[in-house]
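A.B. asks: Before anything else, here's the structure in question.
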Amino acid sequence: MATRKSLEQTEEQLLETLRKSIEDAEALLKEAAGVGEEKAHELRARAMGAIHRATDTFKETQEKAIVQSKEAARVTDEYVHENPWRSIGMVGLAGLLLGVIIGRR
């Protein structure tokens, strides 16, 4: 449960960062439309900075997701090795339920 909650928080943070970066870039582009060339270069540089920050945030989130996925796989692997028959039973039950659901259609 803690991993799921942290994933939801990470997703919310990522979406907020993306939204903010897009808003910043839009504002800078609107401002750049009505200014001279020197100011436009400065605004373009700021817009690129906002885009790079958003990209960095995505990369960090991707790395966190990979680490969390590997940890979940490791924990699952340990559980299956420690409880093979229970795992087989759960998979069998899941298959049975899936078969019932598909059979009803």
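A.B. asks: With Cα Rg over 2.2 N^0.38 Å in mind, check (1) 1.01; (2) 1.83; (3) 2.46 and report the label derived from this structure.
C.D. replies: (2)
A.B. asks: For region 61-105 and region 24-56, write down the distance between their C-alpha centroids in whole Å.
C.D. replies: The two parts, judged by their Cα centres, are 46 Å apart.
A.B. asks: Right, another one. Over the chain, calculate the relative contact order: mean separation of alpha carbon pairs under 8 Å at least 6 apart, over the residue count, as a percent.
C.D. replies: This gives 25 percent for the chain.
A.B. asks: On the accessible surface of the chain, probed at 1.4 Å, how many percent belong to carbon and sulfur atoms?
C.D. replies: 61
A.B. asks: While we're on this one: Using only Cα atoms and rounding to the nearest 10 degrees, what angle (0 to 90) does helix 37-82 make with the longest principal axis of the chain?
C.D. replies: Long axis of 37-82 versus the principal axis of the chain: about 10 degrees.
A.B. asks: Less than 12 Å Cβ to Cβ from Arg19, Lys/Arg counted +1 and Asp/Glu -1: what total charge do the surrounding residues give?
C.D. replies: Result for the local shell: -4.
A.B. asks: Something else about it: Mind checking the full-extension length gain between Ile66 and Leu97? Use 0.36 nm per residue of separation minus the Cα-Cα distance, one decimal, nm.
C.D. replies: Stretched out fully, the Ile66 to Leu97 stretch lengthens by 8.1 nm.
A.B. asks: What's the lysine pair count for the chain at a Cα cut-off below 19 Å, pairs eight or more apart or interchain?
C.D. replies: 6
A.B. asks: If Lys and Arg each add +1 and Asp and Glu each add -1, what is the summed charge of the other residues whose beta carbon sits under 12 Å from the beta carbon of Ala54?
C.D. replies: Net local charge, Ala54 excluded: -1.
A.B. asks: With a 1.4 Å probe and every protein chain left in place, tell me how much accessible area Val75 has, in Å² to the nearest 10.
C.D. replies: 70
A.B. asks: Right, another one. Quickly rank 50-60, 36-46 as a protection proxy: mean count of other C-beta atoms within 10 Å, highest first.
C.D. replies: Ranked by mean Cβ neighbours within 10 Å, highest first: 50-60, 36-46.
The values are calculated or read from the model by the stated rules, or taken from the named source; none is laboratory data. All figures in this text were calculated on a predicted structure; none of them were measured in a lab. Positions of Cβ are generated from backbone atoms using ideal geometry, with glycine treated the same way; all protein chains shown enter the neighbour counts. In case anyone asks, the SASA skips ligands and DNA or RNA and just uses the protein heavy atoms, side chains included. Shrake-Rupley method; radii C 1.70, N 1.55, O 1.52, S 1.80 Å.
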